[in-house]
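The values are calculated or read from the model by the stated rules, or taken from the named source; none is laboratory data. Just so you know, these numbers come straight off a predicted model, no measurement behind them. Methodologically, a virtual Cβ is constructed for each residue, glycine included, from the backbone with ideal geometry; neighbour enumeration extends over all protein chains shown.
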Amino acid sequence: MTNKRVVITGLGAVAPVGNEVPEIWENITAGKSGIDYLTRLDREAFPAQVSAEVKDFDPSSWIEKRDIRKMDLFTQYAVVASQMAVKDAGLEINDKNADRVGVWIGSGIGGMQTYEEQFAKFQAKGYKRVSPFFVPMLIPDMAAGQVSIQLGAKGMNSCTVTACASGANSIGDAFKVLQRGDADAMITGGTEAPITNMAMAGFSSMKALSLSDDPAHASRPFDKNRNGFVMGEGAGILVLETLDSALKRGATIYAEIVGYGSTGDAYHISAPAEEGEGAARAMQQAIHDAELDTKDVDYINAHGTSTELNDKYETTAIKQVFGDHANSLAVSSTKSMTGHLLGAAGGLEAVISVKTIQDGIIPPTINYETPDPECDLDYVPNEARHQNVDVVLSNSLGFGGHNASLVFKKYV
């Protein structure tokens, strides 16, 4: 059986650099950072002073107020971004097609804020004061569940939890659902709301976060003076659709998704495998799945977390996979502006990758000031680049040794 072609027909996102895709894209291409001092929490309680918070978020235009109260923030982000994406796609979900429209949205840690709030109530006043909505608000799959409920999508409904690869893995898994013909459309991506006391405490304890007191320059992927990632939050959602379905309803097509690779390091709970071995295999798988040559790839939206090992080994992996072509590739990390959205990173970066193809603008890696001899590729430093882009590869790498790569291609 021939695999079905799959295209992107809708985009939606909520991010530290804007609360809708046009604003996000404008700020990303302008090199504008969404990172600032931590305001959501008492920043004196943590060594990390900065974060990438979503600002002025009001879900009430998209979700009934009675329903908002039953959703953790990570779910609210997902529902709003999904509503945006479905509206953008012009996709009407009704009794005729509901069972052919699915949802696959990943989250790395789920409702951490809900857990902390309800645990405090339990400690103070016992189990009777814990909300009956505690478990449904906490579990990571509830973003996908609530999107399905809110939009009436009755097809395959799932959630991939692979730490910081969750969003990318979810998109890849949804892509395969459509390729084999098990649905006509999938609402897919990632979501996360990890700016909470325990999440900040845990990552601070690991010494994974940037300790910079300069928000504008705290996230500096591939720069020699990088010193940790900046915690971010938000959601990135795509509407994927079989080409047949998109053409039948006259949908606008942004790009085509053509490849997916997913591997395990089998190495360490948090550190990447030596020389980026697992990431290299994921990229190779994705390119092979896309039936492309490495020379066909124009741009890599890198995982690029601004941590010492990730940036070094991702660079090594790219050089291993692409050989001499690595020197001709544009590689950038938009986490320099958005911070690291954990399980939502792959979703937001997929949206950015698609916009790169559509507009022919490669986003920059901002704060690239001091070259690192071990990170020696073209990182599109500090300013966006206008260039025709036919093929983008996007990487997401997660704790536990999860590696995911997606390949997007200009639709022709």
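Assorted remarks:
- Scanning the stretch 161-199 for residues that are of a type in the set (S, T, N, Q) and outside any loop (DSSP other than H, G, I, E, B) yields Ser166, Asn169, Ser170, Gln179, Thr188, Thr191, Asn197.
- First in the stretch 8-21 and within 16 Å of Leu73 (Cα to Cα), second anywhere and assigned to a strand (DSSP E or B) and at pLDDT 95 or above, Cβ under 6 Å, 6 or more apart: Ala13/Gly236; Val14/Gly234; Val14/Ala235; Ala15/Gly234; Pro16/Ala52; Pro16/Gly232
- Per-region count, the stretch 293-317, residues of a type in the set (Phe, Trp, Tyr) and farther than 13 Å from Asp378 by Cα: 1
- In a residue-by-residue description of the stretch 218-231, the property of being touching a Gly at 6+ places or on another chain (Cβ under 6 Å), farther than 20 Å from Val54 by Cβ and not polar (S, T, N, Q) applies to at least one position.
- Among the residues of the stretch 379-412, the ones that are buried (at least 23 other Cβ atoms within 10 Å of the Cβ) and either polar (S, T, N, Q) or free of Cβ contacts under 8 Å to residues at least 12 places away in the same chain (or both) come to 5 in all.
- Among the residues making up the stretch 154-194, a single one is of a type in the set (Gly, Ala, Ser), out of contact with any strand residue (DSSP E or B) (no Cβ under 6 Å at 6 or more places or on another chain) and crowded, with 24+ Cβ neighbours inside 10 Å: Ala193.
- Extreme residue, surrounded by the fewest Cβ atoms within 10 Å (Cβ to Cβ), among residues of the stretch 6-22 that are within 16 Å of the chain's Cα centre (by Cα) and part of a strand (DSSP E or B): Gly18
- Of residues in the stretch 354-378 being crowded, with 24+ Cβ neighbours inside 10 Å and assigned to a loop (DSSP other than H, G, I, E, B), the one nearest to the chain's Cα centre (by Cα): Pro363
- Boolean, Asp99 is within 17 Å of Leu341 (Cβ to Cβ) and of a type in the set (D, E, K, R): no
- Test for Arg100: is it farther than 17 Å from Ile187 by Cβ and either of a type outside the set (Asp, Glu) or in contact with a Gly (Cβ under 8 Å, 6 or more places away or on another chain) (or both): no
- Residue list for the stretch 222-262, filter: farther than 29 Å from Thr75 by Cβ and either assigned to a strand (DSSP E or B) or within 17 Å of the chain's Cα centre (by Cα) (or both): Asp223, Glu256, Val258, Gly259
- Residue under evaluation Phe203, criteria (1) assigned to a loop (DSSP other than H, G, I, E, B); (2) under 19 Å from Asp311 (Cβ atoms), criterion not met: (1)
- Meets criteria (farther than 18 Å from Ala165 by Cα and crowded, with 20+ Cβ neighbours inside 10 Å) for Thr252: no
- Answer residue from the stretch 305-333, given it is over 23 Å from Thr196 (Cα atoms) and part of a loop (DSSP other than H, G, I, E, B) and is nearest to the chain's Cα centre (by Cα) among those: Ser333
Rundown of residues vs (1) more than 30 Å from Asn227 (Cβ to Cβ); (2) at pLDDT 95 or above; (3) out of contact with any Asp or Glu (no Cβ under 9 Å at 6 or more places or on another chain), yes/no style:
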residue: Ala13; (1), (2), (3): no, yes, no
residue: Asn19; (1), (2), (3): no, yes, no
residue: Ala30; (1), (2), (3): no, yes, yes
residue: Asp36; (1), (2), (3): no, yes, no
residue: Pro47; (1), (2), (3): no, yes, yes
residue: Val50; (1), (2), (3): no, yes, no
residue: Glu53; (1), (2), (3): no, yes, no
residue: Phe57; (1), (2), (3): no, yes, yes
residue: Glu64; (1), (2), (3): yes, yes, yes
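- Just so you know, in the stretch 94-111 the residues that are within 13 Å of the chain's Cα centre (by Cα) and assigned to a loop (DSSP other than H, G, I, E, B) include one that is surrounded by the most Cβ atoms within 10 Å (Cβ to Cβ), and it is Ser107.
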